[in-house]
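For reference, the structure discussed in these notes is given below.
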Ligand code: PHE
């Protein structure tokens, strides 16, 4: 099945950082802290951790394994594990491809805002106040132009392929992001008001527990680990046969969760520091402001308290946010592009432009109908498509794919895995526990 000319990640660490790059993005830095803040803090953190390790991690192993076995784009990989029903298998791949393209279409809008907050302060510093204001306030024209800029960046990286594009960018930039985060947490914790946020994040108050919270935590875990939409499957297909999938997946999940955790340690305290300094964080009804307003009022307020150095830290922070978003968006665009290059035998350089172009058009439609469509597309993709396709992949691996083949693929290059606890638990876990857990949460 393996065609030796197919692209691969050139190193193990390169793959881990690329997969972690896909996982770490707006979902961690943005979604997780604001969800935690509006769902009672520590209780959400606790349920989230449970969801990541008890549900998302085993599914991450499943998606990576399907991809590596197929050694092809998701449509073909899914067909190779379900040869009796090639049509249905292909439909699942196509559904994942459409879902991930829709995710990219809203993701690019938000990433565009970040880009605005990166350029805005620079323009302001050199006297272009009107342009800076335009970049930092909500308008259709701004949303449109910045989204297009971000889409072009994504297209350019994916155009260069796996090792030179995706891997090179992810390896360099992920570590810088982590260091900057730790430094910022160190700073914010010295500020007045921070302890209140820290307490909210770490000390559980179980009165906040609800079934809605569990659903949100599951959705957040799926989104954060890029599950259910074939991104991890396509990255798995570039994985070398000598990689230990369970271990690698664990490292990716751990890295992703650490970044979310550190982001929580930053954003929740920063919210209360901002409140202490007079920034409004609750609306008139007493609920937290929505996440975009929150991050865009709280973080700039924090950078201001840092004096002149704050301007630079702020710029650096938004640079890294854009990069984190970019390492995720490339893993989205890679799904349809891999399908087009292999299924339609197209040149990668051609495929990126027309597919990227179509997604940009869809994203523009969202921009022009922002009020009606933005929230709708987010909820359709993250609340429905991701978990539903996730259940389908678990059922495929657990019930349809031949057990011997699954296990053979996982232990490839690692015969000693057979002695591990993972080996004893994982197969029936994905077969029974994962689907049951997801269906229960879903129908709650
Ligand atoms: N995991 C990414 C994030 O947290 C988002 C993503 C979702 C990436 C689905 C790929 C596929 O921002």
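The values are calculated or read from the model by the stated rules, or taken from the named source; none is laboratory data. Since the model is a prediction, treat every value here as computed from it, not as a measurement. Cβ placement follows ideal geometry from the backbone for every residue including glycine, while neighbour counts extend to all protein chains displayed.
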> With respect to the numbered conditions (1) buried (at least 23 other Cβ atoms within 10 Å of the Cβ); (2) at pLDDT below 95, which one is the sole condition not fulfilled by residue 6?
Replying inline: (1)
> Just a yes or no: is a residue in segment 175-197 over 26 Å from residue 300 (Cβ atoms), surrounded by fewer than 23 Cβ atoms within 10 Å (Cβ to Cβ), within 16 Å of the ligand (Cβ to nearest atom) and under 17 Å from the mean Cα position of the chain (by Cα)?
Replying inline: no
> Can residue 351 be described as without any contact (Cβ under 8 Å) to a residue 60 or more places away in the chain and surrounded by 14 or more Cβ atoms within 10 Å (Cβ to Cβ)?
Replying inline: yes
> Which residues, taken from segment 412-426, are touching a helix residue (DSSP H, G or I) at 6+ places or on another chain (Cβ under 9 Å), part of a helix (DSSP H, G or I) and either at pLDDT below 85 or surrounded by fewer than 17 Cβ atoms within 10 Å (Cβ to Cβ) (or both)?
Replying inline: 417, 418, 422, 423, 425
> Hey, among 297, 258, which residue is surrounded by fewer than 18 Cβ atoms within 10 Å (Cβ to Cβ) and within 16 Å of the ligand (Cβ to nearest atom)?
Replying inline: 258
>> Test of understanding: among 75, 66, which residue is part of a helix (DSSP H, G or I) and either within 16 Å of the ligand (Cβ to nearest atom) or modelled with pLDDT under 90 (or both)?
In response: 66
> Got a sec? Which of 229, 203 is surrounded by 24 or more Cβ atoms within 10 Å (Cβ to Cβ) and closer than 29 Å to residue 250 by Cβ?
Replying inline: 229
> What residue, among those in segment 21-43 that are more than 16 Å from the ligand (Cβ to nearest atom) and not in a loop (DSSP other than H, G, I, E, B), is farthest from residue 257 (Cα to Cα)?
Replying inline: 38
> Does any residue of segment 283-291 turn out to be more than 16 Å from the ligand (Cβ to nearest atom) and in a helix (DSSP H, G or I)?
Replying inline: no
> For segment 376-393, what are the residues that are surrounded by 13 or more Cβ atoms within 10 Å (Cβ to Cβ) and free of Cβ contacts under 8 Å to residues at least 60 places away in the same chain?
Replying inline: 376, 384, 391
> So which residues in segment 395-411 are in contact (Cβ under 8 Å) with a residue 24 or more places away in the chain and either assigned to a helix (DSSP H, G or I) or touching a strand residue (DSSP E or B) at 6+ places or on another chain (Cβ under 7 Å) (or both), if there are any at all?
Replying inline: 395, 396, 397, 398, 399, 400, 403, 405, 406, 409, 410
>> With within 22 Å of the chain's Cα centre (by Cα), closer than 22 Å to residue 119 by Cβ, modelled with pLDDT of 90 or more and surrounded by fewer than 22 Cβ atoms within 10 Å (Cβ to Cβ) as the only criterion, which of 328, 364 stands out?
In response: 364
